[in-house]
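Shown next, in C-alpha coordinates, is the structure this report addresses.
The values are calculated or read from the model by the stated rules, or taken from the named source; none is laboratory data. Predicted model only: the values in this text are computed from it and were never measured. Here Cβ is always computed from backbone atoms with ideal geometry, including for glycine, and neighbour counts include all displayed protein chains.
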(Lines give C-alpha, C1' and ligand atoms only; values in the text may rest on other atoms or scores of the structure.)
Protein backbone atom coordinates (compact mmCIF):
# COMPACT_ATOMS: atom_id res chain seq x y z
CA UNK A 1 0.00 0.00 0.00
CA UNK A 2 2.85 2.34 0.83
CA UNK A 3 4.40 1.74 -2.60
CA UNK A 4 1.08 2.47 -4.32
CA UNK A 5 0.65 5.64 -2.23
CA UNK A 6 4.11 6.84 -3.13
CA UNK A 7 3.43 6.22 -6.81
CA UNK A 8 0.10 8.09 -6.57
CA UNK A 9 1.78 11.08 -4.94
CA UNK A 10 4.52 11.14 -7.59
CA UNK A 11 1.99 10.94 -10.42
CA UNK A 12 -0.13 13.71 -8.87
CA UNK A 13 2.87 16.02 -8.43
CA UNK A 14 3.95 15.41 -12.03
CA UNK A 15 0.39 16.04 -13.28
CA UNK A 16 0.03 19.25 -11.28
CA UNK A 17 3.39 20.56 -12.49
CA UNK A 18 2.53 19.82 -16.11
CA UNK A 19 -0.97 21.30 -15.81
CA UNK A 20 0.30 24.49 -14.16
CA UNK A 21 2.98 24.98 -16.81
CA UNK A 22 0.55 24.35 -19.63
CA UNK A 23 -2.21 26.65 -18.44
CA UNK A 24 -0.42 29.40 -16.49
CA UNK A 25 0.36 31.54 -19.52
CA UNK A 26 -3.26 32.08 -20.71
CA UNK A 27 -4.23 33.17 -17.17
CA UNK A 28 -1.82 36.12 -17.17
CA UNK A 29 -3.67 39.42 -16.69
CA UNK A 30 -4.12 41.55 -19.78
CA UNK A 31 -6.56 44.28 -18.73
CA UNK A 32 -6.60 46.95 -16.02
CA UNK A 33 -9.01 49.73 -15.07
CA UNK A 34 -7.98 52.79 -13.11
CA UNK A 35 -9.30 55.92 -11.44
CA UNK A 36 -7.35 58.90 -10.14
CA UNK A 37 -8.25 62.20 -8.50
CA UNK A 38 -6.10 65.27 -8.09
CA UNK A 39 -5.44 68.68 -9.64
CA UNK A 40 -4.70 70.46 -12.91
CA UNK A 41 -2.05 73.20 -12.61
CA UNK A 42 -1.80 75.89 -15.31
CA UNK A 43 1.62 77.06 -16.49
CA UNK A 44 1.78 80.18 -18.65
CA UNK A 45 1.88 83.96 -18.89
CA UNK A 46 -0.44 84.69 -15.96
CA UNK A 47 1.82 83.23 -13.27
CA UNK A 48 5.43 84.13 -12.41
CA UNK A 49 6.01 80.72 -10.83
CA UNK A 50 7.96 78.33 -13.06
CA UNK A 51 6.18 75.30 -11.57
CA UNK A 52 2.78 76.79 -12.40
CA UNK A 53 -0.20 78.40 -10.68
CA UNK A 54 -0.22 76.29 -7.50
CA UNK A 55 -2.00 79.18 -5.76
CA UNK A 56 -5.09 78.38 -7.84
CA UNK A 57 -5.16 74.65 -8.70
CA UNK A 58 -8.23 73.12 -10.32
CA UNK A 59 -9.79 69.79 -9.34
CA UNK A 60 -9.30 67.01 -11.90
CA UNK A 61 -9.96 63.29 -12.25
CA UNK A 62 -8.72 60.55 -14.58
CA UNK A 63 -10.33 57.36 -15.86
CA UNK A 64 -8.18 54.92 -17.79
CA UNK A 65 -7.88 51.46 -19.31
CA UNK A 66 -4.56 49.60 -19.54
CA UNK A 67 -3.91 46.83 -22.06
CA UNK A 68 -0.89 44.90 -20.80
CA UNK A 69 1.46 43.88 -23.62
CA UNK A 70 4.54 42.50 -21.84
CA UNK A 71 6.13 42.51 -18.41
CA UNK A 72 7.44 46.01 -19.13
CA UNK A 73 4.98 47.70 -21.48
CA UNK A 74 1.28 48.47 -21.67
CA UNK A 75 -0.96 50.81 -23.67
CA UNK A 76 -3.31 53.18 -21.85
CA UNK A 77 -6.44 54.94 -23.04
CA UNK A 78 -6.87 57.91 -20.69
CA UNK A 79 -9.75 60.32 -20.07
CA UNK A 80 -9.07 63.38 -17.90
CA UNK A 81 -11.48 66.12 -16.89
CA UNK A 82 -11.08 69.14 -14.67
CA UNK A 83 -10.51 72.88 -14.41
CA UNK A 84 -7.59 75.14 -15.29
CA UNK A 85 -7.42 78.54 -13.65
CA UNK A 86 -5.09 81.46 -12.84
CA UNK A 87 -5.44 84.94 -11.37
CA UNK A 88 -2.66 87.52 -11.50
CA UNK A 89 -4.11 89.28 -8.44
CA UNK A 90 -2.67 86.39 -6.37
CA UNK A 91 0.87 87.72 -6.90
CA UNK A 92 2.43 90.79 -5.26
CA UNK A 93 5.72 90.68 -7.12
CA UNK A 94 6.16 92.23 -9.60
CA UNK A 95 3.71 95.01 -8.74
CA UNK A 96 2.29 95.30 -12.25
CA UNK A 97 0.64 91.87 -11.97
CA UNK A 98 -1.88 93.11 -9.41
CA UNK A 99 -2.48 96.21 -11.53
CA UNK A 100 -3.05 94.06 -14.61
CA UNK A 101 -5.12 91.39 -12.82
CA UNK A 102 -5.81 89.23 -15.85
CA UNK A 103 -7.52 85.95 -14.98
CA UNK A 104 -9.20 82.97 -16.59
CA UNK A 105 -10.92 79.65 -15.96
CA UNK A 106 -11.25 76.76 -18.40
CA UNK A 107 -13.11 73.46 -18.29
CA UNK A 108 -10.82 70.87 -19.79
CA UNK A 109 -11.67 67.41 -21.11
CA UNK A 110 -8.73 65.44 -22.45
CA UNK A 111 -8.46 62.08 -24.20
CA UNK A 112 -5.06 60.50 -24.81
CA UNK A 113 -3.34 57.30 -25.91
CA UNK A 114 -0.23 56.53 -23.84
CA UNK A 115 2.59 54.00 -23.87
CA UNK A 116 3.48 52.99 -20.29
CA UNK A 117 6.89 51.55 -19.37
CA UNK A 118 7.07 49.66 -16.08
CA UNK A 119 10.74 50.23 -15.30
CA UNK A 120 11.18 47.09 -13.16
CA UNK A 121 9.16 44.86 -15.50
CA UNK A 122 6.57 44.03 -12.82
CA UNK A 123 3.41 43.98 -14.93
CA UNK A 124 2.78 40.29 -14.19
CA UNK A 125 4.26 40.21 -10.69
CA UNK A 126 2.28 39.17 -7.60
CA UNK A 127 4.94 40.55 -5.27
CA UNK A 128 4.16 43.55 -3.09
CA UNK A 129 6.82 45.74 -4.63
CA UNK A 130 6.86 49.47 -5.29
CA UNK A 131 6.95 49.79 -9.10
CA UNK A 132 7.92 53.08 -10.81
CA UNK A 133 6.80 53.74 -14.38
CA UNK A 134 6.97 56.45 -17.01
CA UNK A 135 4.56 57.21 -19.84
CA UNK A 136 4.05 59.41 -22.86
CA UNK A 137 1.80 59.73 -25.88
CA UNK A 138 -0.55 62.03 -27.74
CA UNK A 139 -4.03 63.41 -27.12
CA UNK A 140 -6.68 66.05 -27.69
CA UNK A 141 -7.81 68.63 -25.16
CA UNK A 142 -11.27 70.19 -25.41
CA UNK A 143 -11.39 73.59 -23.68
CA UNK A 144 -14.21 75.91 -22.59
CA UNK A 145 -12.34 79.12 -21.71
CA UNK A 146 -13.62 82.15 -19.85
CA UNK A 147 -11.21 85.09 -19.68
CA UNK A 148 -11.56 88.26 -17.59
CA UNK A 149 -9.76 91.57 -18.02
CA UNK A 150 -12.32 93.67 -16.11
CA UNK A 151 -9.91 94.52 -13.28
CA UNK A 152 -7.16 96.06 -15.41
CA UNK A 153 -5.94 99.43 -14.02
CA UNK A 154 -5.81 101.38 -17.29
CA UNK A 155 -4.30 104.46 -15.57
CA UNK A 156 -1.32 102.36 -14.48
CA UNK A 157 -0.72 101.23 -18.09
CA UNK A 158 -1.44 104.62 -19.72
CA UNK A 159 2.19 104.86 -20.82
CA UNK A 160 2.35 101.27 -22.09
CA UNK A 161 0.77 101.31 -25.56
CA UNK A 162 2.11 97.83 -26.36
CA UNK A 163 0.07 96.29 -23.54
CA UNK A 164 -3.08 98.24 -24.41
CA UNK A 165 -2.80 97.36 -28.10
CA UNK A 166 -2.08 93.71 -27.26
CA UNK A 167 -5.08 93.53 -24.95
CA UNK A 168 -7.32 94.95 -27.67
CA UNK A 169 -6.08 92.28 -30.09
CA UNK A 170 -6.57 89.51 -27.53
CA UNK A 171 -10.14 90.46 -26.70
CA UNK A 172 -11.04 90.05 -30.39
CA UNK A 173 -9.12 86.81 -30.86
CA UNK A 174 -11.16 83.60 -31.12
CA UNK A 175 -10.51 81.27 -28.21
CA UNK A 176 -9.31 77.72 -28.93
CA UNK A 177 -11.73 74.82 -28.67
CA UNK A 178 -9.94 71.50 -29.24
CA UNK A 179 -6.14 71.45 -29.33
CA UNK A 180 -3.50 68.70 -29.63
CA UNK A 181 -1.42 67.91 -26.55
CA UNK A 182 1.56 65.68 -25.76
CA UNK A 183 1.25 64.19 -22.26
CA UNK A 184 4.30 62.77 -20.53
CA UNK A 185 4.89 61.84 -16.93
CA UNK A 186 5.91 59.40 -14.27
CA UNK A 187 4.19 57.42 -11.55
CA UNK A 188 4.53 54.72 -8.95
CA UNK A 189 2.19 51.86 -8.02
CA UNK A 190 1.98 49.43 -5.11
CA UNK A 191 -0.26 46.32 -4.91
CA UNK A 192 -2.42 46.07 -1.78
CA UNK A 193 -4.11 42.84 -2.89
CA UNK A 194 -4.00 40.35 -5.74
CA UNK A 195 -6.15 42.60 -7.94
CA UNK A 196 -5.95 46.10 -6.44
CA UNK A 197 -3.06 48.59 -6.51
CA UNK A 198 -2.68 52.18 -5.36
CA UNK A 199 -0.84 54.67 -7.52
CA UNK A 200 0.43 58.26 -7.63
CA UNK A 201 1.26 60.18 -10.81
CA UNK A 202 2.65 63.52 -12.01
CA UNK A 203 2.37 64.47 -15.68
CA UNK A 204 3.03 67.43 -17.97
CA UNK A 205 1.22 68.53 -21.13
CA UNK A 206 3.10 70.12 -23.99
CA UNK A 207 0.73 72.27 -26.05
CA UNK A 208 1.13 74.32 -29.21
CA UNK A 209 -1.17 77.17 -28.20
CA UNK A 210 -0.73 80.48 -26.35
CA UNK A 211 -4.44 81.18 -25.79
CA UNK A 212 -5.29 78.54 -23.17
CA UNK A 213 -5.49 81.40 -20.66
CA UNK A 214 -7.29 83.64 -23.19
CA UNK A 215 -4.37 86.07 -23.61
CA UNK A 216 -1.19 86.23 -25.68
CA UNK A 217 -0.31 89.63 -27.19
CA UNK A 218 -0.99 91.41 -23.89
CA UNK A 219 1.32 89.10 -21.94
CA UNK A 220 4.05 87.03 -23.62
CA UNK A 221 3.35 86.06 -27.24
CA UNK A 222 6.68 84.20 -27.50
CA UNK A 223 5.72 81.49 -25.01
CA UNK A 224 2.96 78.87 -25.24
CA UNK A 225 0.76 77.83 -22.33
CA UNK A 226 1.06 74.42 -20.65
CA UNK A 227 -0.51 72.50 -17.81
CA UNK A 228 0.27 69.66 -15.41
CA UNK A 229 -1.72 66.97 -13.65
CA UNK A 230 -1.05 65.47 -10.21
CA UNK A 231 -3.19 62.58 -8.96
CA UNK A 232 -3.51 59.60 -6.67
CA UNK A 233 -5.80 56.65 -7.32
CA UNK A 234 -6.39 52.94 -7.69
CA UNK A 235 -5.80 50.32 -10.40
CA UNK A 236 -7.93 47.18 -10.66
CA UNK A 237 -6.36 44.22 -12.50
CA UNK A 238 -8.76 41.90 -14.33
CA UNK A 239 -7.92 38.23 -14.84
CA UNK A 240 -5.07 37.97 -12.36
CA UNK A 241 -3.34 34.61 -12.85
CA UNK A 242 -4.34 31.74 -10.54
CA UNK A 243 -2.30 28.69 -9.58
CA UNK A 244 -3.72 25.15 -9.82
CA UNK A 245 -4.80 23.92 -6.41
CA UNK A 246 -4.31 20.14 -6.28
CA UNK A 247 -6.31 18.09 -3.76
CA UNK A 248 -4.43 16.69 -0.76
CA UNK A 249 -3.32 13.07 -1.03
CA UNK A 250 -4.61 10.52 1.49
CA UNK A 251 -3.02 7.22 2.41
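Just a few scattered comments:
- Just one residue in the set 132, 180, 176 is closer than 21 Å to residue 42 by Cα, touching a strand residue (DSSP E or B) at 6+ places or on another chain (Cβ under 7 Å) and surrounded by fewer than 16 Cβ atoms within 10 Å (Cβ to Cβ); that residue is 180.
Table: residues versus (1) in contact with a strand residue (DSSP E or B) (Cβ under 6 Å, 6 or more places away or on another chain); (2) surrounded by 14 or more Cβ atoms within 10 Å (Cβ to Cβ); (3) at pLDDT 95 or above.
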{"residue": "22", "(1), (2), (3)": "no, no, no"}
{"residue": "26", "(1), (2), (3)": "no, no, no"}
{"residue": "29", "(1), (2), (3)": "yes, yes, no"}
{"residue": "35", "(1), (2), (3)": "yes, yes, yes"}
{"residue": "42", "(1), (2), (3)": "yes, yes, yes"}
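- Hey, residue 49 modelled with pLDDT under 95 and under 27 Å from residue 188 (Cα atoms) or not: yes
- When restricted to residues that are in contact (Cβ under 8 Å) with a residue 60 or more places away in the chain, over 14 Å from the mean Cα position of the chain (by Cα), more than 17 Å from residue 86 (Cβ to Cβ) and crowded, with 17+ Cβ neighbours inside 10 Å, the range 194-239 contains 1.
- Tally, over the range 55-105, of residues that are part of a loop (DSSP other than H, G, I, E, B), surrounded by fewer than 15 Cβ atoms within 10 Å (Cβ to Cβ) and within 18 Å of the chain's Cα centre (by Cα): 0
- Failed criterion for residue 164 (all others in (1) surrounded by 14 or more Cβ atoms within 10 Å (Cβ to Cβ); (2) closer than 22 Å to residue 206 by Cβ hold): (2)
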